[in-house]
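The values are calculated or read from the model by the stated rules, or taken from the named source; none is laboratory data. Quick caveat, the model's predicted, so the values are computed rather than measured. All Cβ positions, glycine included, derive from the backbone under ideal geometry; neighbour counts span all protein chains shown. The protein model used for the area step is the full one, side chains on, heavy atoms only, and it has no ligands, DNA or RNA in it. Shrake-Rupley method; radii C 1.70, N 1.55, O 1.52, S 1.80 Å.
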Amino acid sequence: QVQLVESGGGLVQPGGSLRLSCTVSNSRFRIANMGWYRQAPGRQRELVAGITSGDSTNYAGSVKGRFTISRDNAKNMVYLQMNSLKSEDTAVYYCNAVLSSYTYWGQGTQVTVSS
């Protein structure tokens with residue numbers, strides 16, 4: 001069983017920054033592929049950024065150069081540093097883990113970018 005708990009969301013002005021954190025409750029975390037997804041009202045959930053067990057990363061085109069995904073295997077944590085936030089980044093952000101062909105999701109954290 002894997003539990004994911006996100007934190008760090010909130011209200012931020014355009015151009016601001018936020019860092020999301022995801023705590024993973026499984027000792028095999030270091031072999032999991034991790035990702036951050038988001039879902040805005042009326043839209044499908046989309047991949048924002050992913051990081052493999054080997055630390056390879058990939059990003060959605062809309063966030064490339066502004067967002068950075070990272071992981072700390074010693075702490076069982078995944079992070080999403082979000083800079084230069086735009087109103088269109090407003091969404092619920094979900095942490096995702098793929099481990100042994102199973103997919104797990106966190107409960108989500110709201111990010112609102114507004115002046």
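Assorted remarks:
- Yes/no for residue 70 being hydroxyl-bearing (Ser, Thr, Tyr), more than 20 Å from residue 39 (Cβ to Cβ) and open to solvent by less than 60 Å² (accessible area, probe 1.4 Å): yes
- All conditions but one from (1) among the aliphatic types (A, V, I, L, M); (2) outside any loop (DSSP other than H, G, I, E, B); (3) farther than 15 Å from residue 106 by Cβ apply to residue 48; the one that does not is (3).
- Of all the criteria given as (1) among the hydroxyl-bearing types (Ser, Thr, Tyr); (2) out of contact with any helix residue (DSSP H, G or I) (no Cβ under 8 Å at 6 or more places or on another chain); (3) under 20 Å from residue 14 (Cα atoms), the one not satisfied by residue 62 is (2).
- You will find that of 110, 1, the residue that is assigned to a loop (DSSP other than H, G, I, E, B) and either out of contact with any Ser or Thr (no Cβ under 6 Å at 6 or more places or on another chain) or among the charged types (D, E, K, R) (or both) is 1 and no other.
- The set of residues from the range 103-115 being of a type outside the set (A, V, I, L, M, F, W, C), closer than 16 Å to residue 50 by Cβ and open to solvent by 60 Å² or more (accessible area, probe 1.4 Å) comprises just one member, 103.
- Looking at 98, 78, just one residue is farther than 25 Å from residue 42 by Cα and open to solvent by less than 20 Å² (accessible area, probe 1.4 Å), and that residue is 78.
- Whichever residue in the range 15-33 is polar (S, T, N, Q) and in contact (Cβ under 8 Å) with a residue 60 or more places away in the chain and, among such residues, is least open to solvent (accessible area, probe 1.4 Å): 26
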